[in-house]
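As C-alpha cells, the structure follows; a few thoughts come after it.
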Amino acid sequence: MAVRARGILGMVLAAAVVVAASAPAAAAEAAAPLPAAALGEIRQLFDDWKRDARAPGLVWGVVQGGRLVALGADGIADVRTGRPVTADTAFRIASMSKAFTALAILMERDAGRLRLDDPAQAHVPEMRSWPPATPDSPPITVRDLLHHTSGHVTDNPWGDRQQAMPEAEFSAYLEKGFPRSRATGTAYEYSNVGYATLGRIVQNSAGRDFALHVGETLLKPLGMASTTYEVRAVPRDRLARGYRWQDARWVEEPEMPHGAFGAMGGLVTTANDYARWIAFLLSGWPAGEVRKTGPVRASTLREMMQGNGFPESRPRPGRTAATGCRLAAVYGMGLRVAQDCDLGLTLSHGGGYPGYGSFMLLLPGAGVGIFAFSNRTYGAPAGPVWDAALVLFRHGLLKPEPIPVSPMLAGAYAAVARVWARADIEAAGPELAMNMLLDKPARIWRAELQAMKADAGACDTSAPIRPTGALSGTFLWRCATGRITGELLLSPEARPRIQELRLRPMAP
C-alpha cells in the first residue's frame, strides 16, 4: 500500500521536556525552536535520504539544552496497514544500544563490583579455559571489550543474527571458545560478541537479568517508559515493522526476540524516549559544574568518550565527505569519538540491523544532539545527521558553553594591561613566574614592547580575555593602527603566575 505520511514539529513542548533535572537551568531555558530556514534545510536532508534509501519510515530529532527542539516523522511504520510514523513509534536502534551497555559497565565499576582492567574471565567463568590469542597476548580485560580491542574478529553480518540466542546457548558458545583475529590490545576491531559478553558481565556482577537491570537502573530513572529490550512487548500499533528492499518491494524481516545478544543491539525505543537519553548524555558537559545528572555522576558520562589509543582517519559522513575535513576518530565506550574541523568534539554511533537503521551524533561543546531511526535493513541515516549538524553550524546555532574567567586568570590579565601601559614586563611584578625573565631578559621585553606600541599606537586593553581553561586564555586588542593578539598561560603553582605571554600584531 503506497501510503505516505509526513509530519514535522518545529518545537515540541509537551513531549520535549526531557531529563529536566539533568541539564543546567540556563541551558534548558535557552533552548528555542530552530529558525525556519535551518529547519527547512534539515527537513529536506532527511526527506532526500529517505527517498534515496527507499526507507518506508523515518523519524529524526534535534535535542538542545535538555529539550527536543525539532522533530520530524515521515513515512509508514507498517507497509500492510499504512500506519504512519510518529514520535511515539518504536524502532530497534541496533548498535546504538552499545552505549547503554557501556554505561551499565561503568555503573558497576562505580559501585565497586568490578574494575575496567579486570580480566574478563574473572566475571565470565566460561572464558577461563580460553588460550591466549597469540603466545604473547595478554588476557582480555573488561576495558578491551569496551573499546573493541579484544582481538575478536569483526562480526557484523553474523552477530546481527544472534540477537535471540538463549542464555544457556551463549554460555555453551563461550565455553567452547573461538579463534581470535589478532593479539589482544593491538588494534581496534568491532565486535558484537564483545558487547554481548559485556552484557553477561553486567548480569553476573549485578546478580540479575541484564535487561531487567538496565531497565531498573537506567531506563526507569530517565523516564524511558517506552524503551525495552523485548520487541514482542511493544504494542503492535506502536511498532515500526522492519523491512528490506528486495525485488523492487519492501519485504518484512523476521522479528527476533530478546536474547543473550541484546546487550550489543537489542533496544527498541521511540523518538520521544531517545531524546531523554540524548539529553542525559549531554548533561555531562560542561565539566566543573555540580549538578544532578540522573543515575550517574557527570564524570562517568564524560568517561564514555575516552578512547583506547588507536585513532583512525576517516571521511566525514554526508554530503561533504569528499570536500570536508577528515575525522580523527577513536572508539570510546559505546561511542565513537572524533574531532571535526568545523564541529569540534563529536560523539557518534550508528546502528544497523535486519529491518532497521539508526544514527546519533552528540556535539557536547554546544549541548546539541541529533538522531534518526529508519525501518529499513541497515538503513542508518548517518549522512543527513552529520549534514544537519553542519546546517546548524552554518546558521550559527552551535554556540559552545563559555568557560568562565577564573580569578587567577583575571588577576594575571590585569597585570598584562600594566605591562603594555608601561612597555615593561617588570610592571607585572609578583604576577611573573620565575622562568619569565630567564627565558627572555627584561631589556629585550622592553625593546619589543616599545616597538609594538610605536607601531600599533594606543590600544584598548579592556577587551575581555577568552579563557581556554582556568589558567590560560587569549585576547585581542584593537589599536589605533591595527590589532594586537595575545596568549596568556599561567604556571602550575599554588599561586599561579604568568609563565608565558605572547603578544603579536595581527597579520593583514
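The values are calculated or read from the model by the stated rules, or taken from the named source; none is laboratory data. As the structure is a prediction and not an experimental result, all values here were calculated from the model. We place every Cβ from the backbone using ideal geometry, glycine too, and count neighbours over all the protein chains shown.
Quick notes
- The residues on offer are 301, 267, 363, and the sole one that is crowded, with 24+ Cβ neighbours inside 10 Å and closer than 29 Å to residue 163 by Cα is 267.
- The residue that is surrounded by the fewest Cβ atoms within 10 Å (Cβ to Cβ), counting only those in region 320-343 that are farther than 15 Å from residue 388 by Cα and of a type in the set (Gly, Ala, Ser), is 322.
- Selection from region 354-365 of residues that are in a loop (DSSP other than H, G, I, E, B) and either at pLDDT below 95 or closer than 15 Å to residue 301 by Cβ (or both): 364, 365
- Of the helices (runs of 4 or more DSSP H) lying entirely inside region 258-346, the ones with 3 or more residues being within 22 Å of residue 64 (Cα to Cα) are found at 271-282, 298-303.
- Filtered residue count, region 276-298, keeping only those that are at pLDDT below 90 and either hydrophobic (A, V, I, L, M, F, W, C) or crowded, with 17+ Cβ neighbours inside 10 Å (or both): 5
- Count - residues of region 453-497 that are more than 22 Å from residue 424 (Cβ to Cβ), in contact with a strand residue (DSSP E or B) (Cβ under 8 Å, 6 or more places away or on another chain) and in a loop (DSSP other than H, G, I, E, B): 2
- Residue check, residue 173 without any contact (Cβ under 8 Å) to a residue 12 or more places away in the chain and hydroxyl-bearing (Ser, Thr, Tyr): yes
- Take the conditions (1) at pLDDT below 95; (2) farther than 18 Å from residue 273 by Cβ; (3) in contact with a strand residue (DSSP E or B) (Cβ under 8 Å, 6 or more places away or on another chain); residue 65 misses just one of them, which is (3).
- Residues satisfying the stated conditions in region 105-130, i.e. under 23 Å from residue 167 (Cα atoms), of a type outside the set (A, V, I, L, M) and in a loop (DSSP other than H, G, I, E, B): 113, 118, 123, 128, 129, 130
- Residue 170 surrounded by 15 or more Cβ atoms within 10 Å (Cβ to Cβ) and either in the same structural domain as residue 369 (by TED's automatic domain parsing) or touching a helix residue (DSSP H, G or I) at 6+ places or on another chain (Cβ under 9 Å) (or both): yes
- Test: residue in region 438-446 that is surrounded by 14 or more Cβ atoms within 10 Å (Cβ to Cβ) and either closer than 30 Å to residue 323 by Cβ or out of contact with any Lys or Arg (no Cβ under 7 Å at 6 or more places or on another chain) (or both): yes
- Among residues of region 431-457, those that are more than 16 Å from residue 501 (Cα to Cα) and free of Cβ contacts under 8 Å to residues at least 24 places away in the same chain, counted: 2
- Of the residues 252, 303, 312, the single one that is among the acidic types (Asp, Glu) and within 30 Å of residue 86 (Cβ to Cβ) is 252.
- Residue match in region 151-160 (condition: β-branched (Val, Ile, Thr) and over 25 Å from residue 378 (Cβ atoms)): no
- Whichever residue in region 176-204 is farther than 14 Å from residue 120 by Cβ and of a type in the set (D, E, K, R) and, among such residues, is surrounded by the fewest Cβ atoms within 10 Å (Cβ to Cβ): 176
- Condition check for residue 415: touching a Gly at 6+ places or on another chain (Cβ under 9 Å), in contact (Cβ under 8 Å) with a residue 60 or more places away in the chain and not assigned by TED's automatic domain parsing to the domain that holds residue 365: yes
- Restricting region 139-190 to residues that are part of a loop (DSSP other than H, G, I, E, B), under 30 Å from residue 355 (Cα atoms) and of a type in the set (Ser, Thr, Tyr) leaves a set whose member that is farthest from the chain's Cα centre (by Cα) is 181.
- Here is the figure for region 65-104: residues that are buried (at least 24 other Cβ atoms within 10 Å of the Cβ) and part of a loop (DSSP other than H, G, I, E, B) total 4.
- For region 216-241, the tally of residues that are part of a loop (DSSP other than H, G, I, E, B) and among the acidic types (Asp, Glu) stands at 2.
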